[in-house]
1. So what J values fall out for segment A:176-188 if you push phi through Karplus, 6.51 cos²θ - 1.76 cosθ + 1.60 with θ = phi - 60°, rounded to Hz, Gly and Pro as x?
2. With every protein chain in place, what's the accessible area of B:Tyr104 (1.4 Å probe, Å², nearest 10)?
3. What residues does segment B:54-79 have that are buried by at least 40 Å² of accessible area in the full protein assembly compared to the chain on its own, 1.4 angstrom probe?
4. Leaving ligands and nucleic acids out of the surface, order B:Arg10, B:Arg151 by accessible area at 1.4 Å, largest first.
5. Give the relative contact order (percent, whole number) for chain A; include only Cα pairs under 8 Å separated by 6+ residues.
6. Note down the accessible area of B:Asp67, probe 1.4 Å, to the nearest 10 Å².
7. Over what distance in Å are the Cα centres of segment A:148-172 and segment B:167-214 separated?
8. Using only Cα atoms and rounding to the nearest 10 degrees, what angle (0 to 90) does helix B:141-155 make with the longest principal axis of chain B?
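The values are calculated or read from the model by the stated rules, or taken from the named source; none is laboratory data. The structure displayed is predicted, hence computed values, not measured ones. Cβ sites come from the backbone with ideal geometry, for glycine too, and all protein chains shown count toward neighbours. Areas reflect the complete protein model, heavy atoms only, side chains present, ligands, DNA and RNA absent. Shrake-Rupley method; radii C 1.70, N 1.55, O 1.52, S 1.80 Å.
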Amino acid sequence: MDVLLTSTAEAFRLLFSGNPEIWEIVGISFRVSSMAILAAVPPALVIAFTLAYGSFPGRRFLISLFNTFLSVPAVVIGLTLFIILSRQGPMGDFKLLFTQTAMGLGQFFLCLPILVCMAHVSLQAADRAAWETARTLGANRLRAFFTVLYEIRFGLMAALLAGYGRIISEVGASMMLGGNIAHYTRNIPTAIALETSKGAFAEGIALGIVLLFLAFVLNSLLQYVQGKGSINP
Amino acid sequence: MIEDFRIGFRDISKSFGSNRVLEQTAISIASHDCIVITGNNGAGKTTLLRIIAGLEKPGHCEISLDDASPEPWRRLRKRLLKSVMYLHQQPYMFAGSLLRNIEYAARLNPALADRESSVQKAISWAGLDGLESQSAASLSGGQKQRVALTRARLCHPQILLLDEPTANLDSESRERTLQMLREFRDSGTAIVIVTHDPGVFSDLATSKLHLQDHRIKADDIWAADVVELDSVRQSKKR
């Protein structure tokens, strides 16, 4: 118990003393995950929209496939991309392995199914009349698309926050694709794994506190957003 | 005013899986028309409206504009979406205020000279003054109907399609809706109304059609309606 208390106290000291290494790791985490989710949102919305409003062979199969991807472990995504990006792999010439881009790619594929599935559910729950009303008022497809997205904005925000929560805290893919290189690809979860293995609990706890704080902020935001979309006035 | 036009939909067929809804039926719509269509539940009335509006892909349909040769529905779909407006049985209100809903429609009509004053005039026309900032979702059924018609007014459609527009409305709201529709018809907009209660529109209608056995009913009735339509147009010209 003493170890936990002293490590936690040390962790707070590290955080509030502005320890540059800790904050650099936090910065890398936020940068990579933010880029990954920003890159994933546009294709996810288009895919979700096509699945919800489209009528084509294989639609149900695709929906099942994306739902299956929800439960794929991060290490499996990491392994697949590792093979693709390694020297012998089809994208080996790009030399992306052990870079932030590789980590971002892993996180992109981790959050894409979450965004697709949650956006798809929101679109299915939305009234199709929103799309039809926009179209019959003369809106082109793109305008009608954004109109419908605005109608389901609370569901989309929830998807965004859930996706971000998933990738900022995942360790498997980042470790395999980033390599946990100090000052470059070491992010919060990989740093926690490393510090714990070294017995440097204070650093691990400090980073854990940042993750917990982030989880709290994301969940509070989610509650606020869902409250805004409440059916109660 | 809407310029005179005539648009004919021929060989309209539509099935949902093995369920045939419409089979080689036809309808002709011209400016100043107010066509009332009746039919049993599941007869295909709403499907017909949605095909005319460009919202539902038919199995087969050819369209002739004025005296031009017929073209496939697919080729004219964009034009239908631009010039035909479909009002759902329960008009959809976008999130936000009544004003946002009406401004949305105004923004989609580049021909509107002064958008702000046009919106305000349209709101006054519908008797919705004072409700601008009210959440559209909280409006009554009659008010939503008026918002939908106000949006239509700002878009100047050639054809206005209404699916049971007076269902669940009280008599005052019904009268107001009828008055608004009359103004649409008089300005040249063609109106097609699907209803189970054709009597409500007896003063407004220029023809009445019945959808039965996947078709707009028997040739003699169709012919009678055409004669009726022509006589109405003649009387209007006089």
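1. Couplings: 6, 8, x, x, 6, 7, 4, 6, 9, 10, 7, 10, 4 Hz.
2. 10
3. When all protein chains are present, B:Leu55 each give up 40 Å² or more of accessible surface.
4. So, going from the largest accessible area down, we get B:Arg10, B:Arg151.
5. This gives 30 percent for chain A.
6. Accessible area of B:Asp67: about 150 Å².
7. Between the Cα centres of segment A:148-172 and segment B:167-214 lies a distance of 46 Å.
8. Helix B:141-155 sits at roughly 80 degrees to that axis.
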